[in-house]
Amino acid sequence: MDHSDRRRAVEPGEAGLPRVEVDGHVWRVRSLGVARQVLRAREGTTQAGFTAEWIPKGYLKHHPILISDGPRHDEQRRKVARFFAPAVVADRYAEAMAASADALLATAEKQGTFRLDDLALHYTVEVTAQVVGLTESAIPGMAARLVSFFRQPPFDITKPDLGRSRRQWAQAAVNGLLPVLRFYAADVRPAIGARRAQPRDDVISHLIAEGYTNADILVECITYGTAGMVTTREFIAMACWHLLRYPSLRERYVAAGPTERIAILNEIIRLEPVVGHLYRRVQASLELVEGDATWALAAGDLVDICVRPANADPDAVGERPLDLCPGRSLPAGINPAALSFGDGAHRCPGQPLAMLEADALLTRLLARDPTIVAEPTIEWDDLIAGYALRGLGLRI
């Protein structure tokens, strides 16, 4: 069954073509196949997104997993992969997800109306905190502290000094440092102390065993916090919006088994990727090829992988790429979510967790027959280069 609908999150001024273009030293790639070449050029490119190139070097014993590259990054990924493996996620966290979703929805039902983005934030923080090990502080306070990271002046990775004025840089320092200190004091330090005394099977305990300092662990917790909690929140709200707006899709989802429900969620996030741009810095001459066309990239060039156009590349995902068609036939090697979780060495390992997490909440929410009482607005966030869905009001 096809569900035809153009995507809802379209960044103002975003172009779908040309497939590859260059402006000075900035390349923009909208072809999924070419994007994968860039993301898999292990020796040729390094992480440049999420302001990775502006994080001070030399202060940390272990380079953060989000911005490290090469063999060191591979080793880090291999060691934490066990926390995010599909079987581990289902076995270890499914019960906790169900309990959290049921409790939050029971409270929402008593309220009558509620904002899904608020409920989804509390839910994703609670679930991901268990995986990471941030369990020694109250969830509402930690959620507020994580959200405060995003109150930053605008920036543009493609411009010198991120396109910021001195005043904006000063504001960024204040807006960034204070939330980090609060997060460390209230959430991270207590969790580290508890796990130094009694290790558990979570990410923080693993990092302690690997010899990470408190500062190292703080940076990793910020990474997992923003990636695992905040972006999953946006996806849950977006998926719910699609499911409630289109009865045939909702009926299919409610009647489906787990495998088909995950296929529906993968197709929604292919169409509506939360992170809209992935950036890589070219470190050595790199040639990209598509058909008869070739492009020569030089060291120092910046590549902007435009995820939304790439995810709707008909050469990769087939005809009617802006239709929502769960289970669409894809070429070998193409993830059902396309580039929504990245590709190559920096591919996000949290896809199984995010999908199961979203499914656990959405199945329980839809079973309560919610209705929309307020349409959401779409905002745009520079830090994750993606959308924020706010104000989706529901009544149970």
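Restricting to region 143-153, name every residue that is touching a Gly at 6+ places or on another chain (Cβ under 8 Å) and of a type outside the set (S, T, N, Q).
146, 149
Residue count for region 277-296, restricted to those that are surrounded by 24 or more Cβ atoms within 10 Å (Cβ to Cβ) and either assigned to a loop (DSSP other than H, G, I, E, B) or of a type in the set (A, V, I, L, M, F, W, C) (or both): 1.
Of all residues in region 134-153, how many are within 23 Å of residue 235 (Cβ to Cβ), in a loop (DSSP other than H, G, I, E, B) and of a type outside the set (Lys, Arg)?
4
Do we find a residue being assigned to a loop (DSSP other than H, G, I, E, B), out of contact with any helix residue (DSSP H, G or I) (no Cβ under 6 Å at 6 or more places or on another chain), of a type outside the set (A, V, I, L, M, F, W, C) and within 18 Å of residue 250 (Cα to Cα) anywhere in region 320-342? So far as region 320-342 goes, yes, one or more of its residues are assigned to a loop (DSSP other than H, G, I, E, B), out of contact with any helix residue (DSSP H, G or I) (no Cβ under 6 Å at 6 or more places or on another chain), of a type outside the set (A, V, I, L, M, F, W, C) and within 18 Å of residue 250 (Cα to Cα). Does residue 231 satisfy the criteria of being of a type in the set (S, T, N, Q), closer than 23 Å to residue 391 by Cβ, out of contact with any Asp or Glu (no Cβ under 9 Å at 6 or more places or on another chain) and surrounded by 20 or more Cβ atoms within 10 Å (Cβ to Cβ)? Considered against the rule, which asks whether it is of a type in the set (S, T, N, Q), closer than 23 Å to residue 391 by Cβ, out of contact with any Asp or Glu (no Cβ under 9 Å at 6 or more places or on another chain) and surrounded by 20 or more Cβ atoms within 10 Å (Cβ to Cβ), residue 231 comes out as yes.
Listed by first and then second residue, the pairs with beta-carbon distance under 6 Å, at least 6 apart or on different chains, first residue in region 359-371 and in contact (Cβ under 8 Å) with a residue 24 or more places away in the chain, second charged (D, E, K, R) and not in a helix (DSSP H, G or I), are 371/395.
Of the residues making up region 17-45, those that are modelled with pLDDT under 85 and surrounded by fewer than 21 Cβ atoms within 10 Å (Cβ to Cβ) are 42, 43, 44. Under the condition of being polar (S, T, N, Q) and crowded, with 21+ Cβ neighbours inside 10 Å, the residues counted in region 108-136 number 2. Of all residues in region 93-120, those that are under 22 Å from residue 203 (Cα atoms) have Cβ atoms under 6 Å from Cβ atoms of residues that are among the hydroxyl-bearing types (Ser, Thr, Tyr), 6 or more apart or on another chain, in 100/123. Cβ-Cβ contacts under 9 Å between residues 6 or more apart (or on different chains), taken from a first residue in region 317-336 that is surrounded by 19 or more Cβ atoms within 10 Å (Cβ to Cβ) and at pLDDT 90 or above to a second residue that is assigned to a loop (DSSP other than H, G, I, E, B) and aromatic (Phe, Trp, Tyr), are listed as 324/246.
The values are calculated or read from the model by the stated rules, or taken from the named source; none is laboratory data. In this text the structure is predicted, and so the values were computed from the model without any measurement. Neighbour counts run over all protein chains shown; Cβ positions are idealised from the backbone, glycine included.
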